[in-house]
Amino acid sequence: MNGTALVLGGGGPVGGAWLTGVLAGLADGGIDPTAADTVIGTSAGAVFGARLAAGETARELFERQLADLDRVEMGITLAQTLRFLWAALATRDAERSVRRLGHAALTARTTPAQDLHTTVRTLLRDATAWPAQELRITAVDARTGEVQAFDADSGLALADAVAASCAVPLVWPPAAALGRRWIDGGTRSTGNLQLADGHQQVLAVSPVPTAVGPHPSAQQQADRLRAGGAHVTLITPDADARRAMGRNLTANARRPAAARAGHRQGTALAVSLALTWPSRL
């Protein structure tokens, strides 16, 4: 077991804002969150993980949230929310839950696929090619429920991999890639910490600790990694951050406050993390 992994979870526009704040707070506290051998990104974490690996700094990501840049207009309806919950929660079986969501996504009427790809390409800014740093982008097969981690050797363009990871069921259509249809990488695990197996040091930032449905939490996944010998630091929103984020994680108006709350958390945690995490600052 060797190497370090940075795991960035999903959480919509508001969760993503909190995540950028945590990363900037760590950096301001003397920790370089990008000093990892592997970056693993899911949904919003895929967007910001790709940008970090491409060279954008945590401070830049954070300041763009404060400036109300990187907006994502999702416009989720009550009907979409109820159908999502019905599909995810109607069974206690994790495999069946994710397949139900996949089926719902495949049969739903949503915005055009081009809207998702346009949104992702705008969010990625200059991150248009796979970086030299190892980057893994998660998505879930809409038919089988299988989790896939795309990387530079997958034969898929970076923007297409990130679009697959961000294809929220019932909001955007499943992304077509490599002959399959893909839904949001956070459908069965918002963080996918299991993909960091084999790394000695793991730093996981999870805006939403548990996916909707009977799925393992980020804490459970972190505990499994620890049982295998890894040193894992898991950061999730504290009480102040949860209040700042609110319940609607698509509400752009909450992004600046969520980012500031994340920054406070990251700054406070930097001292303890300095004992274990490598730094390039």
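The values are calculated or read from the model by the stated rules, or taken from the named source; none is laboratory data. Here the structure is a predicted model, which means the values were calculated and not measured. Counting neighbours? That spans all protein chains shown, and the Cβs are built from the backbone with ideal geometry, glycine included. In case anyone asks, the SASA skips ligands and DNA or RNA and just uses the protein heavy atoms, side chains included. Shrake-Rupley method; radii C 1.70, N 1.55, O 1.52, S 1.80 Å.
The table for this structure:
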item	result
Sole residue being touching a residue at least 24 places away in the same chain (Cβ under 8 Å), under 26 Å from ARG71 (Cβ atoms) and among the basic types (Lys, Arg), chosen from ARG136, ARG99, ARG125	ARG125
Complete set of residues in the range 67-103 that are in contact with a helix residue (DSSP H, G or I) (Cβ under 6 Å, 6 or more places away or on another chain), at pLDDT 90 or above and farther than 29 Å from ARG51 by Cβ	SER97, ARG100
Scan of the range 195-208 for residues that are free of Cβ contacts under 8 Å to residues at least 40 places away in the same chain and within 14 Å of the chain's Cα centre (by Cα), ordered by number	none
Residue list for the range 203-216, filter: in a loop (DSSP other than H, G, I, E, B) and in contact with a Phe, Trp or Tyr (Cβ under 9 Å, 6 or more places away or on another chain)	PRO207, VAL212
Scan of the range 151-202 for residues that are outside any loop (DSSP other than H, G, I, E, B) and out of contact with any helix residue (DSSP H, G or I) (no Cβ under 7 Å at 6 or more places or on another chain), ordered by number	ASP160, ALA161, ALA164, ALA176, ARG180, LEU195, GLN201
Members of the range 199-208 that are polar (S, T, N, Q) and open to solvent by less than 50 Å² (accessible area, probe 1.4 Å)	GLN201, SER206
Filter result (modelled with pLDDT under 95, among the β-branched types (Val, Ile, Thr), in a loop (DSSP other than H, G, I, E, B) and closer than 24 Å to ALA53 by Cα) within the range 226-281	THR276
Among the candidates ALA211, ALA222, residue that is within 17 Å of the chain's Cα centre (by Cα), open to solvent by less than 20 Å² (accessible area, probe 1.4 Å) and modelled with pLDDT under 95	ALA211
Subset tally (residues that are of a type in the set (Gly, Ala, Ser) and either in a loop (DSSP other than H, G, I, E, B) or exposed (fewer than 15 other Cβ atoms within 10 Å of the Cβ) (or both)) for the range 44-65	2
Residue match in the range 228-241 (condition: open to solvent by less than 60 Å² (accessible area, probe 1.4 Å), within 16 Å of the chain's Cα centre (by Cα) and small (Gly, Ala, Ser))	no
Residues of the range 68-91 satisfying the condition of being farther than 17 Å from TRP172 by Cα and either within 21 Å of the chain's Cα centre (by Cα) or touching a residue at least 24 places away in the same chain (Cβ under 8 Å) (or both)	ASP68, LEU69, ASP70, LEU89, THR91
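Residue-wise test of (1) at pLDDT below 95; (2) of a type in the set (A, V, I, L, M, F, W, C).
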position: ARG109; (1), (2): yes, no
position: LEU116; (1), (2): yes, yes
position: ALA127; (1), (2): yes, yes
position: LEU135; (1), (2): no, yes
position: ASP141; (1), (2): no, no
position: ASP151; (1), (2): no, no
position: SER154; (1), (2): no, no
position: ALA157; (1), (2): no, yes
position: SER165; (1), (2): no, no
